[in-house]
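Below: the structure, in structure tokens.
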Amino acid sequence: MNPTIDLLKSHRSIRKFTDRRVDDQTLSAIIAAAQCAATSHFVQAYTIIRVRDQAKRQAIATLAGPQVWVAMAPVFLVFCADLNRLEAACDVQATTMEKGWAEQFVTATVDAALLAQNVMIAAESLGMGGVYIGGIRNDPQTVCDLLEIPDQAYPVFGMCLGWPAHDPPPKPRLPVAAVLYDDRYPEVHDSAVLGEYDRTTNHYFLNRNSNLKDETWTHQMAALMGRVIRPHMKAFLEKKGFFLK
Ligand SMILES: Cc1cc2nc3c(=O)[nH]c(=O)nc-3n(C[C@H](O)[C@H](O)[C@H](O)COP(=O)(O)O)c2cc1C
């Protein structure tokens, strides 16, 4: 349709990287572009930590799975939702910041996610690739200890970036008709549409260029949603000063 839409539609997570370095200038250009993402009330409630120390990298790779690409990627970033700079702004203005509100948690988390997705797209526009790493939330307190992330900030996810050393095909997404509705929420999520999507995803899983499996989307989601995942998150976020009221 146009080069931007073509780029968006060519996304696939990259988990194997060549040895080629990502120089500081390139990374700065990516981050500067990403910062142009919309931000709630202009708050820019995020901080990115580039993890260069190999011992810290390895510790995070281990707690995240282990996920070897976290240790191996040329760049590994941790995206933090962060209210501390806003408190500093209040200090500049000699005012007191309201703390602990769920709305602030949502605002900072959404801001960090919008920034991160722009990082991914900017990197992909340069021919690079990457993968988000939610696995860091397996042990978010250790990530905070390793990276000295204070209260009023938390690591939302990580991201590996670099030059692709494999070429997986894009994963087919749900049809637009399954996610876009006019004027009101649908009465049901049409099982016929999901059945059709299962056939699409089954074909993808059986025919992609690695890790072939006889799998479908609803089967994968049913297994996922039947599990309790990271039950420590509520207590962790409360301890960090989020989500208290
Ligand atoms: C917030 C978030 C966290 C993710 N965490 C991981 C992760 O820890 N490890 C991983 O290999 N992929 C992770 N992924 C990648 C997803 O598995 C991937 O985006 C999804 O399967 C769709 O595949 P695609 O990105 O190739 O289109 C994560 C993606 C998102 C958005």
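Say the cut-off is 21 Å between C-alpha atoms; which of LYS99/LYS239; LYS56/LYS234; LYS16/LYS171; LYS56/LYS239; LYS56/LYS99 go over it? Working shown, then result.
Numbers: LYS99/LYS239 13 Å; LYS56/LYS234 25 Å; LYS16/LYS171 17 Å; LYS56/LYS239 23 Å; LYS56/LYS99 30 Å.
Violating the 21 Å limit, Cα to Cα: LYS56/LYS234; LYS56/LYS239; LYS56/LYS99.
Considering the chain as a Gaussian network with a 10 Å cut-off on Cα pairs, which listed residue, PHE205, PHE105, PHE79, attains the greatest mean-square fluctuation?
For the chain, modelled as a Gaussian network with Cα springs under 10 Å, the answer is PHE205.
If you plug each phi of region 38-47 into the Karplus form 6.51 cos²θ - 1.76 cosθ + 1.60 with θ = phi - 60°, what whole-Hz ³J(HN,Hα) values come out, in order, with x for Gly and Pro?
4, 9, 4, 6, 6, 6, 6, 8, 8, 9
Run the helix sum for the chain: -39,500 (n - 2.57) per DSSP H stretch of 4+ residues, divided by residue count, reported at 222 nm to the nearest 500 deg cm²/dmol. List each step's numbers first, then the result.
Values: 11 runs with 111 residues, N = 245.
My calculation for the chain gives -13500 deg cm²/dmol from helical runs alone.
By how many nm would the segment from ALA94 to ASP151 lengthen if fully extended, with 0.36 nm per residue of separation less the alpha-carbon distance?
Working: separation 57, 0.36 × 57 = 20.52 nm, distance 2.05 nm.
Between ALA94 and ASP151, full extension yields 18.5 nm more.
In what sequence do ASP23, ASP139 fall when counting other Cβ within 10 Å, fewest first?
ASP23, ASP139
Using only Cα atoms, locate the centre of region 75-139 and the centre of region 4-42, then give the distance between them in Å, rounded to an integer.
Between the Cα centres of region 75-139 and region 4-42 lies a distance of 15 Å.
Before anything else, pin down the relative contact order of the chain: Cα pairs under 8 Å, at least 6 apart, normalised by residue count, whole percent. List each step's numbers first, then the result.
On the way: 347 pairs, mean separation 64.2, N = 245.
Relative contact order of the chain: 26 percent.
Spin-label point model (7 Å from Cα, Cβ direction): what's the ASP183 to LEU206 distance in nm?
The answer from the label model is 4.1 nm.
Please compute P(r) over all alpha-carbon pairs of region 72-164, binned at 10 Å starting from zero, and give each bin as a whole-number percent.
Once binned at 10 Å, the Cα pair distances of region 72-164 give 15, 40, 31, 12, 2.
Kindly provide log₁₀ I(q)/I(0) values, in the same order as q = 0.19 Å⁻¹, from the Debye equation applied to equal alpha-carbon scatterers of region 1-151.
-1.28
What distance in nm lies between label points placed 7 Å from Cα along the C-beta direction at HIS219 and ALA55?
Going by the 7 Å Cα→Cβ label model, 4.5 nm.
Using 1/(1 + (r/R0)^6) with R0 = 41 angstrom and r between the beta carbons of GLU103 and LEU8, what's the FRET efficiency to the nearest 0.05? Don't jump to the answer; show the numbers that get you there.
Working: r = 30 Å, r/R0 = 0.72.
Efficiency for this residue pair is about 0.90.
Among PRO74, PRO155, PRO66, whose mean-square fluctuation peaks in a Gaussian network model of the chain (Cα, cutoff 10 Å)?
Maximum fluctuation in the GNM of the chain, among the listed residues, is at PRO66.
For THR18 and ARG173, what does the FRET efficiency come to when R0 = 22 Å and r is the distance between their Cβ atoms, rounded to the nearest 0.05?
Values: r = 27 Å, r/R0 = 1.25.
Taking R0 as 22 Å, the efficiency between THR18 and ARG173 is 0.20.
Since every read-out is calculated from the coordinates, none of them should be taken as a lab result. Since the structure is predicted, the reported quantities are computational estimates derived from the model, not experimental observations. Virtual Cβ from ideal backbone geometry, glycine too; neighbours counted across all protein chains shown.
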